[in-house]
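Enquirer: Here it is, the structure in full.
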Amino acid sequence: MRDLLATTQFFVASLVILLSSYANATYSNSSSGSGIVTQEYDTFFLKYDADSVTAFGTPIVSGNNVSFLPSDMSIMDNPVDWTSRKTWITSFAIIPKPGYSLNGFTLTENGKYSHTVYESCCSEEYAEGEEGNPSPIADDFYAKAKIYVRDIDDPSDSEFFQFKYGFQESGDVVLETWENSESYSTEFTDGFWLKLKNTLWLVDNQTYQYGVYTESFIQKEFAGFEFDITRTIETPLPASGWLLLTALGGLISFRRKKI
């Protein structure tokens, strides 16, 4: 009877230690610092500053994907100087769990755009079809991003990637969808801080060249990162886990002997 009691007490103590260590690990990875939020997922930890999410909004995590749904990221053309440009910035950190490696990522962005031409001919000096009548010049649309990646362990070590997407329109377009996706590899396999500097840019070439009045609009609705995270080694069982298994084995052995 004393042996059974001792084994049961050992089992209960082991279970308490295991649950306590898990609770402490979960708590320590919830948040830390002023505005810095740390979240734990299956294969990585995500960190970001809740006080500076700007127009990108709070990161949304699904599997190995971190995405943003910008709340108000759009511009319209400026007829005064024929170019319009605006930039937004956000940043976050990706840290693989022990036994995992971060090899690279794919950035996908999409949104809507529109383009309206209020004059069909570039100059009244030329009749339609007459030789020398200039064709409408297309206006430029750009969605650009500069991606700064900093080693999680060595802030002085960094990488830089350029995300470029551009297209042109010369006729009327009503809220069509644009999308682009590019992949990058990284040397910082143990994790990094990533700063995304997004720029939307419009160039009104028709107004500049021929005085034709046009109106352009571009909007970003989604920016998503898919991270290439692979398992490198089997994650070892914590010491508290081995303690629990030992207790279970002892309890089972005792019951068999008694039977």
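Enquirer: Does region 194-236 hold any residues that are touching a Gly at 6+ places or on another chain (Cβ under 9 Å), at pLDDT 90 or above, farther than 30 Å from Ser156 by Cα and of a type outside the set (Phe, Trp, Tyr), and which are they?
Expert: Ile218, Gln219, Lys220, Glu221
Enquirer: Tell me, which strands (runs of 3 or more DSSP E) lie completely within region 40-84 with 1 or more residues that are on the phi > 0 side of the Ramachandran plot and within 13 Å of the chain's Cα centre (by Cα)?
Expert: Of the strands (runs of 3 or more DSSP E) lying wholly inside region 40-84, none has at least 1 residues that are on the phi > 0 side of the Ramachandran plot and within 13 Å of the chain's Cα centre (by Cα).
Enquirer: Limited to region 155-214, what total is found for residues that are within 17 Å of His115 (Cβ to Cβ), buried (at least 18 other Cβ atoms within 10 Å of the Cβ) and under 23 Å from the mean Cα position of the chain (by Cα)?
Expert: 2
The values are calculated or read from the model by the stated rules, or taken from the named source; none is laboratory data. None of the values given here were measured: they were computed from a predicted structure. FYI the Cβ positions are ideal-geometry reconstructions off the backbone, even for glycines, and counts take in every protein chain you see.
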